[in-house]
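Down below is the structure, laid out as C-alpha cells.
The values are calculated or read from the model by the stated rules, or taken from the named source; none is laboratory data. Model, not experiment: these values are computed from the prediction. Neighbour counts are summed over all protein chains in view; Cβ atoms, including those assigned to glycine, are modelled from backbone coordinates with ideal geometry. Ligands, DNA and RNA are excluded from the accessible area calculation, which covers all protein heavy atoms including side chains. Shrake-Rupley method; radii C 1.70, N 1.55, O 1.52, S 1.80 Å.
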Amino acid sequence: MHMPANTLLPQYLFPILFLLVVSWPAGHADHHHHRHRHPFACDPSNAAVKDLPFCKVKLPIAERVRDLLSRLTLKEKVGLLVDNATAVPRLGMLGYEWWSEALHGVSNVGPGTRFGGDFPGATAFPQVITTAASFNASLWEEIGRVVSDEARAMYNGGMAGLTYWSPNVNIFRDPRWGRGQETPGEDPIVAGEYAARYVRGLQGNLPGDRLKVAACCKHYTAYDLDNWSGVDRFHFNAKVSKQEMKDTFEVPFRECVMQGKVASVMCSYNQVNGIPTCADPRLLRDTIRGAWGLNGYIVSDCDSVGVLFDNQHYTATPEEAAADAIKAGLDLDCGPFLGIHTQGAMDRGLLKEIDVDSALVNTLTVQMRLGMFDGSGDDVFGKLGPRDVCTRSNQELALEAARQGIVLLKNHGNSLPLSPRRHRSVAVIGPNSDVTVTMIGNYAGIACGYTTPLQGIGRYTRTIHHRGCSNVNCKNAHLFGDAITAARQADATVLVMGLDQSIEAEFKDRDGLLLPGYQQELVTKVAAASKGPTILVLMSGGPVDVSFAEHDPKVTSILWVGYPGQAGGTAIADVLFGTHNPGGKLPMTWYKQDYLSKVPMTTMDMRSNEATGYPGRTYRFYKGPLLVYPFGHGFSYSNFIHTLATAPAIFTVPVDGRHKNTTTTNNAIRVTHAKCGGLSLGLQVDVKNTGSKDGSHTLLVYSTPPVGHWGPHKQLVAFAKVHVPARTQLRVPINIHVCKFLSVVDRSGVRRIPMGQHSLHIGDIKHLLSIQSTPLGVIKS
C-alpha cells in the first residue's frame, strides 16, 4: 500500500531527535567499555578456521554455505536442525539458541534472551493491537527500528540472539481469542501492511541482503484458536475453503514475505483441512518458498513437530513425522524432535542427507546474512551497547505510540478533555488504575520503568484513589463503598477497568465479552454517584461488550487503551487532559455478547450464511444486529471534514492480449491476466480540521465491489495518518493498488478484478468508480 508522504513520521521524530542528545539512562556503561560477546564463528584468533572459505566475507554467501556444509558430518548437521543448535568446536562454531521474541520490545519469553547486569530491561512498547489502532505505518516501522537497535545492543553484550520470532500476523478472526492482542487486528490488508513495515524496521533495510536481526512472521496459517470449549490448538483441524484461505488467512503472510522480505516464517500447531501445517508441502514448499519466494528459513512453532506425532497421531512413527516435516519444507524445529528422530528417518530410507542439507542451507544462509560468520564484531552494529537500550528517545517513542493507539469511543457533551483548573480533584478507581505489568500485555520483557494511570493523572491534578476491586476478576462488591464516596467528592471520576492476562492470554480464550465479575456494577454505581463527569478507561486486547456504559448518560466518555506499554499512564493522562488529541481507530469489530451464541469459535467461515443464521465475521462480512462499536470507530477532540478533490470516474485495466478469451467469469478478470505492474488508482482527499485543536486524523478508504460477486460488503483499500493543525486543510494523496485491493476472490480461490461499478467510501463521501478492461479484454464466458 502506498502511504502518503505526509504521514506522522517527521512529526513524532522531532522531539525524539532532540532528546537523543540530551539524556542517557543513568548508571549504564559507556559504549566503548561494555563487554563484547565471543564471536559465534570464524574467530580471527582461531588459526585453524579463520582462513577457511566459509569464513571469507568477500566470497558470495551461497559459496560460503556450500563450503561449510561440505565440512559438517551428518551428526553435526542433525544437531543444527533444532532451536538449541549444537556447537561444532572443530569448525569453531559455538552453540546458538534461535528462539528469541520481540513482539513489541525485546522480550525474555524465549530462552535466547535474558535481562540482567548491564541490561536490566528494554523499552516495552504498547501491545500490537494498540499500536495497530494508530493506523500509522511509519510508526510501526520506527518501533521495529528501535526494537532491533536494543536487540543488537543486547546481542553484543552476550544477552540476546539475532533471530526474533515476531511479529504475530494472524487475523483476529474471533473476539474471544486470547492472542488477538498480539495481532494487528481483523483486517488482512492492515495486518499485511503492519507485517511488512514492522519487519522492515526490525531487519534494517540493509544493502546486499544483510540483516540487522532476522524477523519471523507467525503462525502460518489459519491459527486463531488456543483453548475453547474443550478444543485446543494442539488438536484443532481448521477447515478452510480455498476462497477464505486466499482472501483472508494468506494475505498478511504473503505481504510479509513479498513486501517485508522477512527472513523467516513459523508454521502453526493446528491442522488445516486435515494436514498439520508444519508437514504440508503445499503450504510450506509450494506457497511460502515457491510462489512467494521466501529468502529465509521456515521454523516450527515450539514442539509442533512433536505435537503432530504425539497429539494429532498424524504419522504412525516419530521417524515418519520427522521426514514429513523436513520434506514439506521445514528447516528448523523449535524443540528437540528433529534432533532425536532425523537420523532414524534416514536409517529407514525416509529421508536423504540432501533433504537435511537443503534445510540447513536456509538456516546457515540467514546466520551468514546476520554477520554471524564474519569473525569480529566490527560491523555497523558492533558499537551498540547498554547506552542504546532504554534511551530517552526510545522511551519517548513508546509514549508516542501509546498516545497514538488510544481510541476515544464515546464523548458525550464533550466532557473530555478535562481541565486541571476546573477538575482540581479526580477520583481514580478500578482494578487497572495503578497497574504496571498489565500494561505491557504478553510476549513482553522487563520494562525500563512504568508510569501507571494513577501516576499519570497525578501529574495533572490531585487524585483520590480507590481500586474498588482488588483485581480484574472483581469477585466481590464489598470494596465499592470507598470508591463511590470518592466519586461523590471529586470534580471528575476516571474508572480504569478491563482485562489482563488472567482473562485473555495464550492458551486462554475468553468465554464471553462482558467485563469480568462485578466490574459492570462498579462502573454503574460509581457513575451514578459521581459529582462530575465519569470517564471509563478500558484496558484490554480483545473487544468488550460495554453497551451498558455506551447507553448510560452518567458515563460521559469511554476510552479504549489496549495494553498501552510502559508509558501507558502518561499517555492516558495526556489524552484525558487534552495535551494529546486522540486519533486512534478500532482495528477490530466490537460485537455484543449474544453474537457468540451464533458463532462457534471452531467455525472458520468468514462469510455470513442466511440459510443457517450464521452472521459472518469481521466488518468485511458481518451481517447481523447492531454492534457495540464498528471497525474503524474512534472520535477526536477536533472535527475533520473530507472532500474528494480528484478521483477518476472510470479506470481501465489493461489485459494481457494472450488471455483475451479466457479472462472473465461473471465479468471479472483474473488478476494473473491483468497487467498489474504499477497499476494504481490515484485519489486526492482534502482533510479539513474545523476544530480549535491540532489533531492527527486517520483516513480510511473503503471499497464496495459491484453486486453479485463473492467479495466483502466493503474492504479497506487504503489508509493514511495525517496531522492537520486547527482550522487548516491538508490535501492527502492516496494510491490504491488496483490488482491487490480492488480485487475479490472467487469460490475456487482465484483472485479477480470485477468489472463494473465499485463504490469508494471515505468518511461520509461516496464515489462511484467504473472499472473496465481494455477493449479486447472482456468476452463473457
Filter the stretch 545-566 for residues that are open to solvent by less than 10 Å² (accessible area, probe 1.4 Å) and among the hydrophobic types (A, V, I, L, M, F, W, C) and give the result.
Val546, Ala549, Val555, Ile558, Leu559, Trp560, Val561
Let me confirm something: among Leu769, Leu679, which residue is crowded, with 16+ Cβ neighbours inside 10 Å and closer than 22 Å to His642 by Cα?
Leu769
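Does Tyr269 qualify as being in contact with a Leu (Cβ under 9 Å, 6 or more places away or on another chain), open to solvent by 50 Å² or more (accessible area, probe 1.4 Å) and not in a helix (DSSP H, G or I)?
Judged against the criteria, Tyr269 is not a match.
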Just checking, does the stretch 404-415 include any residue being touching a helix residue (DSSP H, G or I) at 6+ places or on another chain (Cβ under 7 Å), outside any helix (DSSP H, G or I), at pLDDT 95 or above and on the phi < 0 side of the Ramachandran plot?
yes
Starting from residues that are polar (S, T, N, Q) and out of contact with any strand residue (DSSP E or B) (no Cβ under 9 Å at 6 or more places or on another chain), keep the ones in the stretch 602-620 and report whichever is most open to solvent (accessible area, probe 1.4 Å).
Thr612
Test: residue in the stretch 107-118 that is in a helix (DSSP H, G or I) and hydrophobic (A, V, I, L, M, F, W, C)
no
Hey, any hits in the stretch 251-260 for a residue that's in contact with a Lys or Arg (Cβ under 7 Å, 6 or more places away or on another chain) and either of a type outside the set (Asp, Glu) or over 28 Å from Arg210 (Cα atoms) (or both)?
yes
Leu294, sole failed condition from (1) under 26 Å from Thr602 (Cα atoms); (2) within 27 Å of the chain's Cα centre (by Cα):
(1)
Matching residues in the stretch 722-758 - criterion: being part of a strand (DSSP E or B) and open to solvent by less than 10 Å² (accessible area, probe 1.4 Å)
Val722, Val724, Val732, Ile734, Ile736, Val744, Val745, Ile753, Pro754, His758
Flagged in the stretch 156-203 as closer than 22 Å to Thr113 by Cα, of a type in the set (D, E, K, R) and open to solvent by 10 Å² or more (accessible area, probe 1.4 Å), in numbering order, are Arg200
Matching residues, the stretch 144-155, being open to solvent by 10 Å² or more (accessible area, probe 1.4 Å) and not aromatic (Phe, Trp, Tyr)
Arg145, Asp149
Kindly indicate whether Ile326 is within 25 Å of the chain's Cα centre (by Cα) and touching a residue at least 12 places away in the same chain (Cβ under 8 Å).
no
Just one of (1) closer than 25 Å to Asn295 by Cα; (2) open to solvent by 10 Å² or more (accessible area, probe 1.4 Å); (3) touching a residue at least 24 places away in the same chain (Cβ under 8 Å) trips up Ala214, so point out which.
(2)
Failed condition for Tyr450, given (1) in contact with a strand residue (DSSP E or B) (Cβ under 6 Å, 6 or more places away or on another chain); (2) farther than 29 Å from His219 by Cβ; (3) open to solvent by 20 Å² or more (accessible area, probe 1.4 Å); (4) part of a loop (DSSP other than H, G, I, E, B), with all others met?
(1)
Please enumerate the residues belonging to the stretch 147-166 that are within 19 Å of Gly441 (Cα to Cα) and outside any loop (DSSP other than H, G, I, E, B).
Val147, Tyr164
How do the helices (runs of 4 or more DSSP H) wholly within the stretch 1-100 filter down when requiring 2 or more residues that are modelled with pLDDT of 80 or more and open to solvent by less than 30 Å² (accessible area, probe 1.4 Å): which remain?
61-71, 74-78
Pairs under 8 Å by beta carbon, first residue farther than 16 Å from Leu91 by Cβ in the stretch 358-378, partner in a helix (DSSP H, G or I) and among the polar types (S, T, N, Q), six or more apart or different chains?
Gly377/Asn156
I'd like the residue in the stretch 335-349 that is in contact (Cβ under 8 Å) with a residue 24 or more places away in the chain and either touching a Cys at 6+ places or on another chain (Cβ under 6 Å) or crowded, with 21+ Cβ neighbours inside 10 Å (or both) and, out of all such residues, is farthest from Gly296 (Cα to Cα).
Ala345
Return the residue satisfying two criteria in turn: it lies in the stretch 115-138 and is farther than 20 Å from Cys448 by Cα, among the hydrophobic types (A, V, I, L, M, F, W, C) and out of contact with any strand residue (DSSP E or B) (no Cβ under 7 Å at 6 or more places or on another chain), and of such residues it is surrounded by the fewest Cβ atoms within 10 Å (Cβ to Cβ).
Ala137
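I need the strands (runs of 3 or more DSSP E) fully contained in the stretch 456-563, keeping only those with at least 1 residues that are touching a strand residue (DSSP E or B) at 6+ places or on another chain (Cβ under 9 Å) and over 26 Å from Gln404 (Cα atoms).
Because the criterion is at least 1 residues that are touching a strand residue (DSSP E or B) at 6+ places or on another chain (Cβ under 9 Å) and over 26 Å from Gln404 (Cα atoms), the strands (runs of 3 or more DSSP E) in the stretch 456-563 that meet it are 462-466.
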Single condition Gln404 does not satisfy, out of (1) surrounded by 22 or more Cβ atoms within 10 Å (Cβ to Cβ); (2) more than 15 Å from Gly562 (Cβ to Cβ):
(2)
Of everything in the stretch 621-645 that's open to solvent by less than 60 Å² (accessible area, probe 1.4 Å) and out of contact with any Pro (no Cβ under 8 Å at 6 or more places or on another chain), which residue is farthest from His713 (Cα to Cα)?
Ser638
